[in-house]
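The values are calculated or read from the model by the stated rules, or taken from the named source; none is laboratory data. As the structure is a prediction and not an experimental result, all values here were calculated from the model. Cβ: placed from backbone, ideal geometry, glycine included. Neighbour counts: every protein chain shown.
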Amino acid sequence: MESVEIIATDKYLPKRCITNKSIEKKFDLSSNWISTRTGINQRFYSDEDISMLAIKAVENLIMNSKIDIQKVDLIIVATTSTKKIMPGISFIVHKAFNIQKCRCIDVLAGCSGYINAFDIARKYIITEDCNCALVIGVEKLSEFILIIDEIQKIKNWSEVVKKEWDADTFNDINMKVVLLGSSRVLLEKGLSDSMMGRFEEIRMTHWSYPEMRDAFNMSLEQYLYFGGYPGAAFLIEDEERWGQYINGAIIDATINKDILYDSPISKPALLRQTFELGTSYSGEIVSLTKMVGALQDAGNTTTLAGYLNLLGDSGLLTGLQKFAMDKSRQRASAPKFQVFNNALKTVYNDLTFKEAILNRKEWGRIFESAIGAHIVSNAFTGNYEVFYWREKDKEVDYILKKKNRIVAIEVKSNSEMYNAGLEEIRKMYQPYASFVVGEGGMKAEQFLSINPAKLFE
């Protein structure tokens, strides 16, 4: 065949037309300003899936041109808007009209896609590989996505977002909203107060060892000591500046602007003391009674427990409970203090990075705390709980629980004394998995490169 001709064309547009005039007040922009800079005077809005837009265009073609759709033996769809590779839109169109003996091709070539689709159809026809080709160009360029960073800094942000969300829902505006914020406490309060049923929470963890390694060329030892705050990564060669950053930009900002801003704290200084003392004990079991004795104007253990809960909710410092089948025994146990990022522990260390590495005992504490930080910082996203276990002289550093499965982890930074804790745990609870991280077991680099939730699979 030497010639190819177009025998029919048609189109489909959604009914709802949004002009520049209709949106200029919402965004405080003139319609002329929009058209001058974008070349767009109007856009059509649809709740329909992109494949449905293609199907309706074909329906109009059939109705207005009276062509026999069953004579089509090649369907080519040109688009950049597909959300999934399989099945292609061409296959969905093919199924919708039950076309027999028909090839299906999707072309994803950006702005030139429609031209390429025509060219492919022409070559198929010229080579007599097909007789009738259906070429469809379809785009749904964007749904509305609104991204707001540090949303918690807006006064009554949840009420404002709820109002706008409800208005857009009423007006059939399909807008997706991404709210970002560094204050876990203020974000969750706003979500629970006003946004019930309107959101999905996606919590981000601290940067992992592979992320810090790949982005900043951090060694394993540097990550264990300096932790996973990307903003501080460029400062680790100047430990004084690094410490100032951690104290000012992380600790002070979280305690003063997040916790104290929205929580009735009778003794703010005590809260700070609790945090500083707790971080020094990260990875260790310490009774709250002992903490009361070490703090000035400490009040009682109930006050400290409340402060520890606030610090935990803020992603700074938590107190792990002892693992037991009896929940009351868990609550009555002395907590094992654990930071969410090891920088929060080492920032108060009297030893420099190089000095800490050479100090076997201190490096052992830093090592265990870093492993624990990795575990607790991933607990929410991994949907598991974290405990410790101890009976007399037998101990297991971390117990992870997810539904009816438990994983027991012992941490060893060197060839220290044998601990029979893992064997006892195996006898008592038959854990899903149990192993050592560090000397004689899984290497720290390997463990810090996985999400602990994978241990339950």
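Structure summary
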| read-out | value |
| --- | --- |
| Failed item in (1) under 21 Å from Thr9 (Cβ atoms); (2) in contact (Cβ under 8 Å) with a residue 12 or more places away in the chain; (3) not in a loop (DSSP other than H, G, I, E, B), with Met52 passing the rest | (2) |
| Ile62 being assigned by TED's automatic domain parsing to the domain that holds Leu108, more than 37 Å from the chain's Cα centre (by Cα), surrounded by fewer than 16 Cβ atoms within 10 Å (Cβ to Cβ) and under 16 Å from Ala133 (Cβ atoms) | yes |
| Residue in segment 77-86 that is of a type in the set (Ser, Thr, Tyr), touching a strand residue (DSSP E or B) at 6+ places or on another chain (Cβ under 6 Å), touching a residue at least 40 places away in the same chain (Cβ under 8 Å) and buried (at least 20 other Cβ atoms within 10 Å of the Cβ) present | no |
| Residues satisfying the stated conditions in segment 439-453, i.e. part of a helix (DSSP H, G or I), touching a residue at least 12 places away in the same chain (Cβ under 8 Å) and surrounded by fewer than 17 Cβ atoms within 10 Å (Cβ to Cβ) | Glu445, Ala453 |
| Residue in segment 223-244 that is in contact with a Leu (Cβ under 8 Å, 6 or more places away or on another chain), assigned by TED's automatic domain parsing to the domain that holds Gln338 and basic (Lys, Arg) present | yes |
| Qualifying position, being under 23 Å from Glu150 (Cβ atoms) and either touching a Ser or Thr at 6+ places or on another chain (Cβ under 6 Å) or of a type in the set (Ser, Thr, Tyr) (or both), among Ile255, Ile246, Ile265, Ile259 | Ile259 |
| Any hit, segment 115-128, residues being under 44 Å from the mean Cα position of the chain (by Cα), among the polar types (S, T, N, Q) and closer than 19 Å to Val77 by Cβ | yes |
| Looking only at segment 382-399, and only at residues there that are under 21 Å from the mean Cα position of the chain (by Cα) and in a strand (DSSP E or B), the one that is farthest from Ile285 (Cα to Cα) | Glu385 |
| Test: residue in segment 241-260 that is aliphatic (A, V, I, L, M) and not in a helix (DSSP H, G or I) | no |
| Residues located in segment 321-344, provided they are out of contact with any Ser or Thr (no Cβ under 6 Å at 6 or more places or on another chain), crowded, with 23+ Cβ neighbours inside 10 Å and either more than 20 Å from Ile259 (Cβ to Cβ) or modelled with pLDDT under 85 (or both) | Phe323, Lys336 |
| Candidate set: segment 219-235, residues that are more than 14 Å from Tyr209 (Cβ to Cβ) and surrounded by fewer than 21 Cβ atoms within 10 Å (Cβ to Cβ); chosen: the one farthest from the chain's Cα centre (by Cα) | Leu235 |
| Complete set of residues in segment 389-406 that are surrounded by 22 or more Cβ atoms within 10 Å (Cβ to Cβ) and within 24 Å of Met204 (Cα to Cα) | Tyr398, Ile399, Leu400, Ile406 |
| Number of the exception - Ile6 against (1) over 25 Å from Ala117 (Cα atoms); (2) without any contact (Cβ under 8 Å) to a residue 24 or more places away in the chain; (3) loosely packed, with under 13 Cβ neighbours inside 10 Å; (4) not basic (Lys, Arg) | (1) |
| Scope segment 273-288; condition of a type in the set (Phe, Trp, Tyr) and either part of a loop (DSSP other than H, G, I, E, B) or not assigned by TED's automatic domain parsing to the domain that holds Tyr307 (or both); matching residues | Tyr281 |
| Hey, Phe380 under 18 Å from Val407 (Cα atoms), surrounded by fewer than 24 Cβ atoms within 10 Å (Cβ to Cβ) and modelled with pLDDT of 90 or more or not | no |
| Flag if Leu53 is among the aliphatic types (A, V, I, L, M), assigned by TED's automatic domain parsing to the domain that holds Leu108, within 28 Å of Glu128 (Cα to Cα) and surrounded by 15 or more Cβ atoms within 10 Å (Cβ to Cβ) | no |
| Lys56 vs. criteria charged (D, E, K, R), within 29 Å of Cys17 (Cα to Cα) and more than 36 Å from the chain's Cα centre (by Cα) | yes |
| Matching residues, segment 98-119, being in contact (Cβ under 8 Å) with a residue 24 or more places away in the chain, surrounded by fewer than 17 Cβ atoms within 10 Å (Cβ to Cβ) and under 18 Å from Lys71 (Cα atoms) | Gln100, Lys101, Arg103 |
| Any chance Val411 is modelled with pLDDT under 95 and surrounded by 23 or more Cβ atoms within 10 Å (Cβ to Cβ) | yes |
| Number of positions in segment 400-438 that are hydroxyl-bearing (Ser, Thr, Tyr) and either assigned to a loop (DSSP other than H, G, I, E, B) or touching a Cys at 6+ places or on another chain (Cβ under 9 Å) (or both) | 4 |
